[in-house]
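Please read the structure below before turning to the comments.
The values are calculated or read from the model by the stated rules, or taken from the named source; none is laboratory data. No experiment lies behind these values; they were computed from the predicted model shown. We place every Cβ from the backbone using ideal geometry, glycine too, and count neighbours over all the protein chains shown. Just the protein is used for accessible areas: all its heavy atoms, side chains included, with ligands, DNA and RNA removed. Shrake-Rupley method; radii C 1.70, N 1.55, O 1.52, S 1.80 Å.
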Amino acid sequence: MEVKIENSWKELLKDEFKKSYFLQIASHLKAEKATNAIVYPAGNKIFYAFEKTPFTQVKLVILGQDPYHGPGQAHGLSFSVPDGVPCPPSLQNIFKELRNDIGLPIPSTGNLTPWAEQGVLLLNASLTVRANEPASHAKIGWINFTDAVIKKISDEKQGVVFLLWGRFAQDKQGLIDETKHHVLKAAHPSPFSVEKGFYGCKHFSRSNELLMRAGYDPINWNINPEQ
């Protein structure tokens, strides 16, 4: 099966693409298309996180749960929206914590591509979703795939920082070898839980401290095009 994904990931995950669960994902998406169901993100953006952050460059992982399910929002990066699209509440709260942590002004865009291009893998646990139906593709096999991605990063790399926000992300902690990687946990930035430990977590400054200690360049978290 030919999967259009960035070459370093393609080589790393080649065995996954042959497994029955991955063939089931492909079949499910084809069936959705045949019934004219609207699925986000667009087909050419399903593996956008991998395109923007090749395996060789991964140094930090931010794990999301599901792509945004409203029109124009999802573009293959967790928590991110394309330029010109209003920031969803969770992303607004991420920017507030960034401001409180390291003093960055709230950006005018919610497009996190500049983070991805610096080695931040913005990975959703499910890579697709049906329009207006959150978690509608959570059980079609994507979890198997993204768990394999996390495990490969843990096995093959050193000193990666994993930001696990909320219980769903924290359930992935067992896939990560914490003798050679760093796990930072906090509440989810959604309005329902942001006051329960996301605000004040200082994950952005702490991540850069850990990255520099491991010999990586720190992340420039500023995505404001005007600055």
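Observations
- Scan of region 148-187 for residues that are in contact (Cβ under 8 Å) with a residue 24 or more places away in the chain, farther than 25 Å from Lys14 by Cα and assigned to a loop (DSSP other than H, G, I, E, B), ordered by number: Gly166
- Failed item in (1) open to solvent by 30 Å² or more (accessible area, probe 1.4 Å); (2) part of a loop (DSSP other than H, G, I, E, B); (3) out of contact with any helix residue (DSSP H, G or I) (no Cβ under 7 Å at 6 or more places or on another chain); (4) touching a residue at least 60 places away in the same chain (Cβ under 8 Å), with Pro191 passing the rest: (3)
- Some residue of region 142-154 being in contact with a Pro (Cβ under 6 Å, 6 or more places away or on another chain), surrounded by 15 or more Cβ atoms within 10 Å (Cβ to Cβ) and not hydrophobic (A, V, I, L, M, F, W, C): no
- Selection of region 16-53 for residues being part of a helix (DSSP H, G or I) and in contact with a His (Cβ under 9 Å, 6 or more places away or on another chain) yields Ile25, His28, Leu29, Glu32, Lys45, Tyr48.
- The residue that is surrounded by the fewest Cβ atoms within 10 Å (Cβ to Cβ), counting only those in region 83-120 that are over 26 Å from Val160 (Cα atoms) and either among the small types (Gly, Ala, Ser) or in contact with a His (Cβ under 6 Å, 6 or more places away or on another chain) (or both), is Gly84.
- Scanning region 15-40 for residues that are closer than 22 Å to Ile153 by Cβ, surrounded by 11 or more Cβ atoms within 10 Å (Cβ to Cβ) and not β-branched (Val, Ile, Thr) returns Glu16, Phe17, Lys19, Tyr21, Phe22.
- Selection within region 1-17 - more than 21 Å from the chain's Cα centre (by Cα) and modelled with pLDDT of 95 or more: Asp15
- Residue under evaluation Gly70, criteria (1) closer than 25 Å to Ile176 by Cβ; (2) in contact with a strand residue (DSSP E or B) (Cβ under 9 Å, 6 or more places away or on another chain), criterion not met: (1)
- Among the residues examined, Glu11 does not qualify as assigned to a helix (DSSP H, G or I), more than 14 Å from Leu123 (Cα to Cα) and touching a Lys or Arg at 6+ places or on another chain (Cβ under 9 Å).
- Residue check for Ser126: modelled with pLDDT of 95 or more, under 24 Å from Tyr48 (Cβ atoms) and not aromatic (Phe, Trp, Tyr): yes
- None of Leu12, Leu29 is of a type outside the set (Gly, Ala, Ser), in contact with a Phe, Trp or Tyr (Cβ under 6 Å, 6 or more places away or on another chain), in contact (Cβ under 8 Å) with a residue 24 or more places away in the chain and over 22 Å from Gly110 (Cα atoms) except Leu12.
- No other residue among Leu164, Leu211 is more than 24 Å from Pro67 (Cα to Cα) and either touching a Pro at 6+ places or on another chain (Cβ under 9 Å) or not acidic (Asp, Glu) (or both) apart from Leu211.
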